[in-house]
Amino acid sequence: MGRKAAAVLAGLLSSFLLLAAASPADAAPQADKGAQKLEQLRSGRATLRVGTDATFPPFEFTDTKGGRVGFDIELVMALAKRAGIKKVAFTQMPFGNIVPALQAHQIDMGASGIYINQERTKVIDFSDVYYPGGLAMFTGAKDSTVHSLADLAGKRVAVQVGTKSVEWVKENQPRAKLVTVQTNQQMFSSVKLGQASAVVTGAPAGQYFIAQQGGLKQVGKRLTGEDYGYAFPKTDSAVTAAFNGALKDMKSDDSYGKLTHKWFGAGSTEKAKKKHALLNPQTIIDSWGQIWHGLLVSIEVILMSLCLSLLFGMTGGFAKLSDIAPVRWLGNAYVSVIRGTPFVVQLFLIYFGLPQLGLQLSPMVAGVFSLGLYSGSYVTEIFRGAVQSVDRGQIEAARSCGMSHASAMRHVVVPQAFLRMLPPLGNEFVSLTKNSTLVSFVTISELFLVGQVVISRTFDALTVYLFIGLLYYVLTNIIGFATHAIEKKMAVYV
């Protein structure tokens, strides 16, 4: 048995080494494939995939029908048209994921108010400057304690994860306590709710928020003079050059000037400073189309992950119960590794890490596979425990009646084990439903991500999060009711 085990382990190690050796990451540096991609984009055989975090008005956000609008959206479409690119598709993703997604070639372009800086240019390329940006500091409208950067010492300062603001505050006011959030809207809300004393973010976005919602004020002048650029993979220099040429043309014929005036000129914030009630049902009514679509995507993710969880769990359970040592070791390793690491780490590893080994998965496939794999490790233990809880005398009695081991398991042990599995299985599927919100990190537009997008437009976090929480409460109770009904139905057979 020892020699067989060594042979199996050697085979697994050899397969891993072969896979690693064949990975593009270890291959010779790639040649510039930009010209070939640009030709495909211009012919219509490929679509320009643009990653954006549509929670950053006025650069990118959504309207009441879920359509993406904003300065970046319109400028990218205009530039793509001038560059001869026929198809453009925007993909919603957290801002911090845009650069990793470009490196993994999950997207072809990043357009989300991205500052050009030296750190980012080490791993991605930027277009020419398309808008002058710069960081600024904002505090509550009635705050009289913050007048300069020095006053932030010891105070809580809200910044968005993955943005220039994080490093800038660390370098220039190391005594500030950073409050790192996922979206632009969460930064401003943290100040209005008293969770932070100030926000450091892009000046245009802060000024737009003040014009729309009020409650904040800018302190001092701009802190930096950095500029925004569109991001591209380093292998796509021809695509970058095409966008630079189109941008130069737009600036020369004043179409760029007209677009900037539309979004940043006087009159662009006419609907400013509305008074909002604590709860606004109209927010849900106006955004119902978006929320309904997000709910359907969530249900799709949950159902597919649930089936995959059962498959992995049953397979893992049989492996752990196997008399063959290597198979049993694999079952133990699966449970140990997957249960011993955070789900989000596994999700990011599969979505952003596997492309470096030459395996690129779509967001939906990566999200469902990760969720099913993670939940399956818990189902494995549920299955194993349920089977072992059946009195061993029953299988011995079945074998004494002439039944094979497989037949005894199928007709005697597994039916009883299945009934005992149902209560913990229901709990696991409820956990899976709640964990499904995390797949929003890999750009799947499920219910939670849609909610964040709606909030970025309406700034109505309380109403939206309450309603989304209610929908998840209904979903989890439906799962609990279904498993309880199956349990009662099956009880008559045991």
Give the residues of the range 448-468 that are in contact with a helix residue (DSSP H, G or I) (Cβ under 8 Å, 6 or more places away or on another chain) and within 13 Å of Ser189 (Cα to Cα), sorted by residue number. Gln452, Ile455, Ser456, Thr458, Phe459, Asp460, Ala461
Is there a residue being part of a loop (DSSP other than H, G, I, E, B) and at pLDDT 85 or above anywhere in the range 75-84? yes
Which members of the range 212-260 meet the condition of being surrounded by fewer than 14 Cβ atoms within 10 Å (Cβ to Cβ), of a type in the set (Gly, Ala, Ser) and assigned to a loop (DSSP other than H, G, I, E, B)? Gly220, Gly225
Where a residue in the range 332-351 is open to solvent by 50 Å² or more (accessible area, probe 1.4 Å) and its partner, wherever it lies, is in a helix (DSSP H, G or I) and small (Gly, Ala, Ser), with Cβ under 8 Å and at least six apart: Arg339/Ser377
Within the range 137-172, residues open to solvent by less than 20 Å² (accessible area, probe 1.4 Å) and among the polar types (S, T, N, Q) come out as Thr139, Gln160, Ser165
Just need a number here: residues in the range 179-201 that are touching a Phe, Trp or Tyr at 6+ places or on another chain (Cβ under 8 Å) and assigned to a strand (DSSP E or B). 4
Out of all the residues in the range 472-484, is one or more within 24 Å of Thr64 (Cβ to Cβ), open to solvent by less than 30 Å² (accessible area, probe 1.4 Å) and touching a residue at least 24 places away in the same chain (Cβ under 8 Å)? yes
Taking the condition surrounded by 15 or more Cβ atoms within 10 Å (Cβ to Cβ), among the hydrophobic types (A, V, I, L, M, F, W, C), at pLDDT below 90 and out of contact with any Gly (no Cβ under 8 Å at 6 or more places or on another chain), does Val368 pass? no
Looking only at the range 277-309, how many residues end up being open to solvent by 20 Å² or more (accessible area, probe 1.4 Å) and either touching a His at 6+ places or on another chain (Cβ under 9 Å) or not in a helix (DSSP H, G or I) (or both)? 4
Matching residues in the range 45-80 (charged (D, E, K, R), in contact (Cβ under 8 Å) with a residue 60 or more places away in the chain and surrounded by fewer than 20 Cβ atoms within 10 Å (Cβ to Cβ)) number 4
Long-range neighbours under 8 Å by Cβ, at least six apart or interchain, first residue within 17 Å of Ser165 (Cα to Cα) within the range 204-222, second of a type in the set (Ser, Thr, Tyr): Pro204/Tyr131; Val219/Thr139; Val219/Ser148; Gly220/Ser148
Could you go through the range 87-95 and let me know if any residue there is under 16 Å from the mean Cα position of the chain (by Cα), surrounded by 15 or more Cβ atoms within 10 Å (Cβ to Cβ) and part of a helix (DSSP H, G or I). yes
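Yes/no per residue for (1) at pLDDT 85 or above; (2) within 27 Å of Asn117 (Cα to Cα):
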site: Gln212; (1), (2): no, no
site: Gly215; (1), (2): no, no
site: Asp227; (1), (2): yes, yes
site: Asp253; (1), (2): yes, no
site: Ser268; (1), (2): no, no
site: Trp288; (1), (2): yes, no
site: Leu295; (1), (2): yes, no
Is there a residue in the range 415-429 that is among the small types (Gly, Ala, Ser) and within 16 Å of Ala386 (Cβ to Cβ)? yes
Odd one out for Phe352, checked against (1) more than 24 Å from Ala482 (Cα to Cα); (2) at pLDDT 95 or above: (2)
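The values are calculated or read from the model by the stated rules, or taken from the named source; none is laboratory data. None of these values were measured; they are calculated from a predicted model. Glycine also receives a Cβ, built like all others from the backbone with ideal geometry; neighbour counts cover every protein chain displayed. The area values use the complete protein model at the heavy-atom level, side chains included, leaving out ligands, DNA and RNA. Shrake-Rupley method; radii C 1.70, N 1.55, O 1.52, S 1.80 Å.
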